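Working notes for the structure below.
The values are calculated or read from the model by the stated rules, or taken from the named source; none is laboratory data. Since this is a predicted model, take the numbers as computed values, not measurements. Neighbour counts are summed over all protein chains in view; Cβ atoms, including those assigned to glycine, are modelled from backbone coordinates with ideal geometry. Side chains are part of the model used for accessible areas, which takes the heavy atoms of the whole protein and leaves out ligands, DNA and RNA. Shrake-Rupley method; radii C 1.70, N 1.55, O 1.52, S 1.80 Å.
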Amino acid sequence: MLTYLALVATPAAAQTQAQMNQQAGAAYRQADAQMTKAWRVLYADMKKRDAADGSRGGGFGYAAAALASQRAWLQFRDRQCVLESGEYAGGSLQPMAQAQCLAKLTRGRTQQLKGMQWTK
C-alpha cells in the first residue's frame, strides 16, 4: 500500500537563472554537435553522388546545393532565435530563451539532414 508521502512529487532543486542559462547552452551545444555529425555524413554522401554523376555539365550539383542550403538555414536559425528571444530582451531570461530556441531548431534540422541521406 502506498502512503501519501510516496505520492508526493519530490520538488526540483532550486536553480539560479545563470545555472538554467548554462544548462540551456549545454543542451544547444549537444544538439549542434549532433547536427554537425549528421551534416558531415550528408555532405560526404552528396560529394560522392556528384563524383558518380558523369552526365554532361557535371551533374546535379548535390554538394553545392546542400552547402548553400545549410548556410542559409544557419542564418535563418540564428536570426529566428534572436527574434524569438527578443520577448525577453535585456532580461536574464533572454540567453536561456535563445539557447532553447537554438537547440530546438537544431534538433529539427538534424532530423532533416538525416532524412536526406537517401539509400539510392
query: If you average over every viewing direction, what projected area does the convex hull of the Cα atoms of the chain give, in nm²?
result: 12.0 nm²
- prompt: With a ≥ b ≥ c the root eigenvalues of the C-alpha gyration tensor of the stretch 26-79, is it rounded (a/c under 1.5), prolate (a/b larger than b/c) or oblate?
  reply: oblate
field: Cα-based Rg and Dmax for the stretch 52-120, where Dmax is the largest Cα-Cα distance (Å)
entry: 17.1, 57
- prompt: Heavy-atom accessible area per residue, the chain, 1.4 Å probe: how many Å²?
  reply: 71 Å²
message: If a paramagnetic tag sat 7 Å from the Cα of ALA26 along the Cα-Cβ line, which residues of the stretch 78-95 would have the backbone N under 20 Å from that point?
response: 93-95
message: Rounded to whole Å, give me the distance from the Cα center of the stretch 81-120 to that of the stretch 39-54.
response: 26 Å
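Between ALA18 and ARG79, what length comes free when the chain is fully extended (0.36 nm per residue of separation minus the Cα-Cα distance, one decimal in nm)? Could the numbers behind the result be given before it?
On the way: separation 61, 0.36 × 61 = 21.96 nm, distance 2.30 nm.
Contour length minus the Cα-Cα distance gives 19.7 nm.
Please state the relative contact order of the chain as a whole percent: Cα pairs under 8 Å, 6+ residues apart?
Reported relative contact order: 40 percent.
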message: With a 1.4 Å probe and all protein chains left in place, how much of the accessible area of the chain comes from carbon and sulfur atoms, in whole percent?
response: 58 percent
